[in-house]
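S.K.: One structure follows; several queries about it will come next.
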Amino acid sequence: MLSYQHAYHAGNFADVHKHLVLYAVVDHLLRKASPITFHDTHAGRGVYPLDAPETQRLGEYRHGVLPLWQARDRLVDEPLLASWLGAIARVQPDACRLERYPGSPWWLGQRLRKNDRLQLFELHPGEHEHLTLQRLPANVRRLHADGLTGLLAGLPAATPRLCVLIDPSYERKAEYSEVAETLLAAMRKVRHAVVLVWYPLLPAARHRELLEHLRDGGLRKIWRSELTLHEPGEERGMYGSGMLVVNPPWGVDERLAAAMARVVPLLGATSRYTADWWVEE
C-alpha cells in the first residue's frame, strides 16, 4: 500500500516536533569536523507549498508551524527556536511570508558539508517524482527504493559517523515491527550510529509495540520525546507525536526542553511535552 502523501499534513504539529528534534541533533553532530553519512528512509517531497490543494484541504499547518511563525519576533531569545525559524525563513520566496514548509530532505540537505553524504529513499512513485525536482547539493543521492531495506544494504557507512531518520507513515500495522527489526539490525552493524525514529500517538496505541520491541531487543541509550495536543480519547486521529533518538548527543535533551517550553503554549492549552529515557545506557 502506497497511498500516503505527506502534503496533506505538511507543517502540522508533528512536523514541528520531528523537525525541531532533527535540527537540534544535526546541529550537535556538526560541531565535530569528521564527515557524516545521513540516511532519510522515507523522504517525501522535500519542500511543500502551503497553498497546494492537498495541504489546504486539511490545513494542519495552521495549528502547527503557523503559530510559531506568527510569534517568531517573540521567540528570538530562545536560541534553538530562533535558529530553526530562521532556517524556515530561508526557504520562503518572501522571507516575511510563510508560503512553504520544508521536509526532512531539505532540513538535512541544506546543512551538508563538502565531505558529508545524504541518501534519500522514497518508494512512492509520485512522491519520488516530486523529490527529483528539488534542488539539492551534489553529495545527495535520491533513490526510488524502500528505505528500510536500503538502509541495511548501505551499512556500514563510508564515513566515520552515521545519522539516520526513520519516518514512515505507519499506514500498515506491520510497519511498527518492521521499523524495530530494522533498527536493531542496523545498530548491530553500526553501534555508534545516531538514529531518530518518529512514531504517531493514536488511540489504538500501536506505538507501544515499537517501543517494547526495541527495549526487549536489548538496545540501549534510547531517549524518548513526545508532544501531545490533548489526552487520547475515543475519536480517531493522531493526538500526539513521538520521537526516539538512539545515542543522542549530550545536551540535546536540555536544548529541546527549553525550546518546547515555548512551543507548547502556542499549540493550545491542552498541549504537553514530555521527555525521558526509554532505555538508559
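S.K.: Can you pull out every residue in segment 120-152 that is hydrophobic (A, V, I, L, M, F, W, C), over 19 Å from T182 (Cβ atoms) and open to solvent by 60 Å² or more (accessible area, probe 1.4 Å)? Let's see the steps before the verdict.
M.R.: From segment 120-152, those hydrophobic (A, V, I, L, M, F, W, C) are 120-121, 123, 131, 133, 136, 138, 140, 143, 145, 148, 151-152; that's our starting set.
Next, from what is left, pick out any that are over 19 Å from T182 (Cβ atoms): 131, 133, 136, 138, 140.
Result: L133, A138.
S.K.: Report whether or not A261 is in contact (Cβ under 8 Å) with a residue 12 or more places away in the chain, assigned to a helix (DSSP H, G or I) and not polar (S, T, N, Q).
M.R.: Values: in contact (Cβ under 8 Å) with a residue 12 or more places away in the chain: yes; assigned to a helix (DSSP H, G or I): yes; not polar (S, T, N, Q): yes.
Yes, satisfied.
S.K.: Against the definition (open to solvent by 30 Å² or more (accessible area, probe 1.4 Å), on the phi < 0 side of the Ramachandran plot and β-branched (V, I, T)), how does V76 come out, yes or no? Reasoning before the result, please.
M.R.: Numbers: open to solvent by 30 Å² or more (accessible area, probe 1.4 Å): yes; on the phi < 0 side of the Ramachandran plot: yes; β-branched (V, I, T): yes.
Answer is yes for this residue.
S.K.: Could you please find all residues in segment 168-183 being open to solvent by 20 Å² or more (accessible area, probe 1.4 Å) and touching a residue at least 40 places away in the same chain (Cβ under 8 Å)?
M.R.: S169, E171, R172
S.K.: Kindly indicate which of T41, T37 is open to solvent by less than 20 Å² (accessible area, probe 1.4 Å), touching a residue at least 60 places away in the same chain (Cβ under 8 Å), under 19 Å from H130 (Cα atoms) and β-branched (V, I, T). Break it down stepwise before answering.
M.R.: Numbers: T37 fails: under 19 Å from H130 (Cα atoms).
Just a single option satisfies the conditions, and that option is T41.
S.K.: Please identify the pairs in which a residue from segment 184-203 that is free of Cβ contacts under 8 Å to residues at least 40 places away in the same chain has its Cβ atom under 8 Å from the Cβ atom of a residue that is assigned to a strand (DSSP E or B), counting only partners at least 6 apart or on another chain.
M.R.: Every condition considered, the pairs that remain are A186/V164; A186/V195; V190/L162.
S.K.: Quick check on segment 88-115: of everything there that is touching a residue at least 40 places away in the same chain (Cβ under 8 Å) and in a loop (DSSP other than H, G, I, E, B), which residue is surrounded by the most Cβ atoms within 10 Å (Cβ to Cβ)?
M.R.: For segment 88-115, the residue satisfying everything is G103.
The values are calculated or read from the model by the stated rules, or taken from the named source; none is laboratory data. Note that the structure is predicted; figures quoted are calculated from it, not measured. In this analysis, Cβ positions are derived from the backbone assuming ideal geometry, glycine residues included, and neighbour counts consider all displayed protein chains. When the accessible area is computed, the model is the full protein with side chains, heavy atoms only, and any ligands, DNA or RNA have been set aside. Shrake-Rupley method; radii C 1.70, N 1.55, O 1.52, S 1.80 Å.
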